[in-house]
Amino acid sequence: MAGDEADDPTAIRSLALSPADAADAYAYTQENPGEAVLRVTPPFHGRMRARIHVYRLDDTELTGAVHVAPQAVIDDDVVANYPTLETELEDVDPNKMDRVRQRHGEAVEAWQERAREAIVDEITLETGDGPHSVEIKRVG
């Protein structure tokens, strides 16, 4: 591929990703400052590998990378059932906070197990040329 073609994400036909990376990226973003995505960097070609990437400032304009939101590759029903700490904290005795946090951590781990089994088969990337469908291939 020459020059601009190597920077064109429409060349991508499939993304290989770790289901654990997708689940971890989603959980990270819910529990921490910053954002975790599945990142694909140029040069682009038919089969690409998406890896977990945590950032505070979006650098896609500078790098040409494609950021895939982890919720885009996890089944919607599983995403909707992510355990939230705020729900668990309602009317909690302050003396029992440690137990609530432990229970929340266990709930997140259980959710991550479900999410690793709920990776979709295809997603749509938004590109400069419009929507572009790609297959998802599980690795790891």
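The values are calculated or read from the model by the stated rules, or taken from the named source; none is laboratory data. The shown structure was predicted, so the numbers you read here are calculated from the model rather than taken from an experiment. Ideal geometry is used to build each Cβ from the backbone, glycine not excepted, and the neighbour counts take in all protein chains shown. For the accessible areas, the whole protein counts, side chains as well, though only heavy atoms, and no ligand, DNA or RNA atoms are used. Shrake-Rupley method; radii C 1.70, N 1.55, O 1.52, S 1.80 Å.
For the reader, a short list of remarks on this structure follows.
- Whichever residue in the range 40-83 is surrounded by fewer than 15 Cβ atoms within 10 Å (Cβ to Cβ), in a helix (DSSP H, G or I) and at pLDDT 95 or above and, among such residues, is nearest to the chain's Cα centre (by Cα): 76
- Tallying residues that are of a type in the set (S, T, N, Q) and open to solvent by less than 40 Å² (accessible area, probe 1.4 Å) within the range 123-137 yields 1.
- Considering only residues in the range 94-117 that are among the small types (Gly, Ala, Ser) and closer than 16 Å to residue 75 by Cβ, the one that is most open to solvent (accessible area, probe 1.4 Å) turns out to be 110.
- Residue in the range 21-37 that is surrounded by fewer than 13 Cβ atoms within 10 Å (Cβ to Cβ), without any contact (Cβ under 8 Å) to a residue 60 or more places away in the chain and part of a helix (DSSP H, G or I) present: no
Here's the yes/no breakdown for (1) within 29 Å of residue 14 (Cβ to Cβ); (2) in contact (Cβ under 8 Å) with a residue 24 or more places away in the chain; (3) β-branched (Val, Ile, Thr):
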{"residue": "95", "(1), (2), (3)": "no, no, no"}
{"residue": "101", "(1), (2), (3)": "no, no, no"}
{"residue": "104", "(1), (2), (3)": "no, no, no"}
{"residue": "117", "(1), (2), (3)": "yes, yes, no"}
{"residue": "125", "(1), (2), (3)": "yes, yes, no"}
{"residue": "130", "(1), (2), (3)": "yes, no, no"}
{"residue": "136", "(1), (2), (3)": "yes, yes, yes"}
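- Number of residues in the range 95-117 that are farther than 17 Å from residue 28 by Cα and not basic (Lys, Arg): the value is 5.
- Check on residue 16, within 24 Å of residue 138 (Cβ to Cβ) and either in a helix (DSSP H, G or I) or modelled with pLDDT under 95 (or both): no
- Meets criteria (open to solvent by less than 30 Å² (accessible area, probe 1.4 Å), of a type in the set (Val, Ile, Thr), farther than 14 Å from residue 31 by Cβ and modelled with pLDDT of 85 or more) for residue 120: no
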